[in-house]
Amino acid sequence: MNEKNYIQKKIKMYYSKRILSPIVFLLAVMVLFVLFPIRSLLFPEEVDFTEISPAEYIEEHSHDPYITADFDNLYFTGYRETFMSQTIGYYYYTMTGDECVIILLTAQTCEDGVPTMEDVHLRARLMKEKATREDLLAALAGDLSWTSTGIENEISEVMLSEPDIDGVPAISFRAVVLLGIGFAVLSILFYAMWILFPILSPPIRRLSVYGRPGLILAEAEEELSTLPQLATEDIFITEHYFIETSDYGVAVVPISQIIWIYKYSTLHKFLWVHFAISYTLHISAGKHQYIRCPKNTKTDIDGIMDYLAEANHDILVGFSEENRRLANTRARWMKG
């Protein structure tokens, strides 16, 4: 092989493919932000209901139903919302300007239904339709000896729900979205850095346990570009190094550090039809380095194992309980 910097080029190709997934994820999230009020859920708008009524606000900001607001006095209606015998929230009412508004509070906020609350700062969702609203108004009308029509005229058609923004489902959803976005952004930044500077990528940084990664990489690149001793489609063996450059990852391991090698077969089938067998090469090396090279042919794996065993007679070959025990013992000895 006469190609220079082959390992670094493969590292760039590997992370160029990996970077696509977080980019697609962020694009999908951006589409969801447009279609659904996710931005409003993550970053609710601060609203002053002395200047605008809940009905007017939701009419003007239909895509931003989640808000934060201050309320002076809230009074418990005596009613709760439950689901499967579990209390979801407690219904309170308050005045915002000339409107009476129903607010559903979490148990934590209202301390399981205290009679009155003053100076409360809430995060809530504005909603016109809620399944229990009609039942609540009917019950309140009976308590006040009013008609259902009469109480409908006195109470705003828009109610606020704190559990819809600070309940367990909403909190879990926000956490998943924010963690997903954060992970995707960090992944893109790291992948981009490793594409630009392959020497900083994990496959090369792992070589620091054996010496200076840059020098080891340079020596491996030089040996690979001049005359590899053995080569398959994505595995190469040079005078001093085992090198993998597959779609599953890139690895460089000094042959002198390899402790144990063995193969593991996988039978691939669709429904009840067996159609292929692939082989995975497992390598244990000093300093707790483990490499898996999946989906290879038996001929390639056998040739690699034979060559490595010949290149380093201390390598344990084949899977057995005895080899596993000896490999663990040697790994501890090499660590020491």
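Here the chain carries DSSP beta bridges of which approximately 90% are antiparallel, counting only pairs with both residues inside.
For the chain, list the DSSP H helices whose alpha carbon atoms reach 15 Å or more along the long axis and whose average Kyte-Doolittle value is -1.0 or above?
Helix filter hits for the chain: 20-35, 133-144, 168-196, 213-226, 298-311.
Dimensions of region 73-123 along the principal axes, based on C-alpha atoms and rounded to the nearest Å, stand at 36, 20, 17, largest first. With 23 Å as the limit on Cα-Cα distance, the pairs of K10/K295; K263/K287; K17/K298 that go past it are K17/K298. Taking the inverse of the mean reciprocal distance over all distinct Cα pairs, the Kirkwood hydrodynamic radius of region 177-236 comes to 13.8 Å. Averaging the Cα positions of each part gives two centres, and for region 4-22 and region 80-129 these lie 54 Å apart.
For D70, neighbours were defined as the other residues whose beta-carbon sits under 10 Å from its Cβ, and their charges (Lys and Arg +1, Asp and Glu -1) total -4. Under 5 Å from the amide H of T238 lie the amide H atoms of Q229, I243, each residue being 5 or more positions distant or on a separate chain, with H modelled from the backbone and absent for Pro and chain starts. Overall dimensions of the chain, expressed as equivalent-ellipsoid semi-axes from the Cα gyration tensor (√(5λ), whole Å, largest first), are 67, 22, 18.
With viscosity 1.567 mPa s and temperature 4 °C, the Kirkwood radius over alpha carbon pairs of region 7-87 converts through Stokes-Einstein to a diffusion coefficient of 75 µm²/s. Taking only the alpha carbons of region 227-336, we obtain Rg and Dmax values of 14.5, 50 Å in that order. Across all Cα pairs in region 19-64, the calculated P(r) in 5 Å bins from zero up to the longest distance comes to 5, 19, 20, 17, 13, 10, 7, 5, 3, 1 percent per bin.
Coordinate-derived values only; no laboratory data. Since this is a predicted model, take the numbers as computed values, not measurements. Glycine also receives a Cβ, built like all others from the backbone with ideal geometry; neighbour counts cover every protein chain displayed.
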